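The values are calculated or read from the model by the stated rules, or taken from the named source; none is laboratory data. Predicted model only: the values in this text are computed from it and were never measured. With ideal geometry, Cβ positions are generated from the backbone for all residues, glycine too; neighbour counts draw on all protein chains shown. Ligands, DNA and RNA are stripped out before the accessible areas are found, and what is left, the full protein with its side chains, is counted by its heavy atoms. Shrake-Rupley method; radii C 1.70, N 1.55, O 1.52, S 1.80 Å.
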Amino acid sequence: MDWHSNSDCIDILAMSYEDMPSYLKTCFLYLAFLPEDFEISAPCLIRMWVAEGFMPQHESKTMEEIAEDCLEQLFQRSMVQVLRQDANGSIEYFRVHDLLRDFAMRQAGKENFITALANPPNTNHCNRAARRASLHACGPQFMDYVGPKTRSLFLFRLESNLPNYTKFRLLRVLEIVFVRTHEVINLRGVDRLIHLKYLGVRGTGHCTELDMSEFSFGCLKNLETLDIQKTTANIPTDLWTINTLRHVTNDLRLPEIPSTAELRNLQTLEWIPIKNKIIPHLNKLQKLGLIFKWWSLDVVYAVSHLFGGLSSLTSLAIKGNNFPMEIVYPKGLPNYQNLQILHLNGNWSKSVTLEAKLFPKNLVKLTLQDSHLGQDPMPELGKLNSLKELRLITCVDNVKQMICPAGFPVLEKLHIWCLSTVQKLTVANEVMPRLKSISTFPTKCELPLKLMHLIPERERTNDDPTIISLSLESDNDRPKSVMVRRNRPESDVHKDRHKSVMVRRNRLQHDAVRAELSDSNSGSDLGTDS
């Protein structure tokens, strides 16, 4: 942008910047590493701040909680644009306005804080003395512009692998966002970076392979965050020898944790397979994702042992088949007063009847996916008085009508996705008084008229043939309800109906799982280009 023609803006931004306390200035300047219009996950940024050592020690708060407060302060000062918040109001995704980003880049360059290069690079603005470097859509040849004393390296839309990372022996933070799917991502030399505290690697999907066959965590004794997403990677088991780990996430699965592991600082763990080994108590764990194929007595025993030491747990996700909820719950989750987010993905045992008492009383967000329940869940779920967000994804069988006779006093978001048999949702008066949005696609579902204005705009248009539109049904010339249905030409429906529905369904389920565990909360994508 032309800064000379925006002198008033520069002066205002400079005043806002100078008004910040020193720790907040550091956090703001750090945002200069972001590409233009990039949507970033708040938990990822917070973990970077912690790895950089920006956050002071506090007696009653973790460094992550202090960092979250700093991000909230930036939001209150209008220095970031919040895109999405979780059910508790915490920031999940945000971005930086172009004007603020440009100001941050200029100020960070003056202070040797960060240098950012895009393809093609402007070498006149390159600062090899900067302690941090961010490359956008660049190839390995542009690494000559990055000094060997760099402490943080951000590689966005990387076109090909770097030959070796051993040049950056002082590196603390390494974030790699890969583009080309036909090339295997390698991390040559990364396992020798003894000062590394944060390692994030993101491919373009599970067709992207991350080669860790010769990788060893033996020298990474200071590593705090490992976040590997959208790749197929076999992570070495010696990961669990690192006692400093705070956040470990992988969207497929992690290696099993040996019973001898000492992970006293671990706060986030996703996804960990449960077989027949006893997992050590993880007293500081706040976010947990478990995955298994089938329940067995050994698995039940391992889970029971693990749950016995999770007093700090706030978010839990479980993926599995035919898991008997009555085994997990009686002495477990209802007693977890801090548990607020719960995602259950998998068949429920046929002997289980869904009841409100199965869930923690303070639950704020609940997702039931592929549960195959034979009952309408709404009457019981309405008794969860703290619930703010409810996601139901292919969770019922042979249920034609869902009825909400009472409850849901603070519910704000309702998602009813891929419930093929559900034809009608009935909501009694005074129920869901705080509901702000409802989403039902691609489910064909009749809704009460009072909920019509809460349906997202994308579900009201037919620009995308797989997205539904609305039509009013009348009874004696009076609007009665809203029918949500696909609006497609008859020929198109017969031609690729199955394909479009399956694509949409898979995308919805994938997005729902990721949203539940983000970043934030828990480990999630760093972000996306808008």
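Give, in nm to one decimal, the length gained when the segment between Ser160 and Lys400 is fully stretched (0.36 nm per residue of separation minus the Cα-Cα distance).
Working: separation 240, 0.36 × 240 = 86.40 nm, distance 5.13 nm.
Gain in length upon complete extension: 81.3 nm.
What FRET efficiency comes out for the pair Gln375/Lys450, r = Cβ-Cβ distance, R0 = 30 Å, nearest 0.05?
The pair Gln375/Lys450 has a calculated efficiency of 0.75.
What length, rounded to one decimal in nm, is gained on full extension from Gln141 through to Val184, with 0.36 nm per residue of separation minus their alpha-carbon distance? Write down the numbers at each step before the final one.
Working: separation 43, 0.36 × 43 = 15.48 nm, distance 1.84 nm.
Here the segment from Gln141 to Val184 would lengthen by 13.6 nm.
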Practice task
Quick one: compute a quarter of the convex hull surface over the Cα atoms of the range 21-171 and quote it in nm².
Solution key: 9.6
Exercise for the section: Take peptides 57-69, 216-228 and line them up by average Cβ neighbours within 10 Å, highest first, as a rough protection proxy. Expected result: 216-228, 57-69
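So between Cys207 and Arg84, what do we pick up on full extension, going 0.36 nm a residue minus the alpha carbon distance?
On the way: separation 123, 0.36 × 123 = 44.28 nm, distance 2.81 nm.
Separation in residues times 0.36 nm, less the Cα-Cα distance, equals 41.5 nm.
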Problem - Label zone at Ala428, where the point sits 7 Å out along the Cα-to-Cβ direction: the range 373-417 residues whose backbone N lies under 12 Å - result: 379-380, 382-383, 403-408
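Taking the solvent-accessible surface of protein heavy atoms with a 1.4 Å probe, what is the per residue accessible area of the range 67-204 in Å²?
Details: 5960 Å² over 138 residues.
Heavy-atom accessible area per residue stands at 43 Å².
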Exercise for the section: Between Thr421 and Ala129, take the C-beta separation as r, use R0 = 56 Å, and let me know the FRET efficiency to the nearest 0.05. Expected result: 0.30
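Distance check, please: which entries in Lys197/Lys436; Lys275/Lys365; Lys167/Lys230; Lys275/Lys413 exceed 32 angstrom between their Cα atoms? Present the calculation step by step, with values, prior to reporting the outcome.
Values: Lys197/Lys436 40 Å; Lys275/Lys365 27 Å; Lys167/Lys230 27 Å; Lys275/Lys413 35 Å.
Pairs exceeding the cut-off: Lys197/Lys436; Lys275/Lys413.
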Completion exercise
Loop-resident trypsin sites (Lys or Arg not before Pro) in the range 367-408 with no more than 16 other Cβ atoms inside 10 Å, DSSP not H/G/I/E/B, are Lys383, Lys400
Practice task
Identify the residues of the range 131-167 with backbone N under 12 Å of a label point that sits 7 angstrom from the Cα of Asn222 along the Cα-to-Cβ direction, or state none.
Solution key: 151-152
Practice task
Could I have the simple spin-label model distance between Met15 and Arg253, label points 7 Å from Cα toward Cβ, reported in nm to one decimal?
Solution key: 5.9
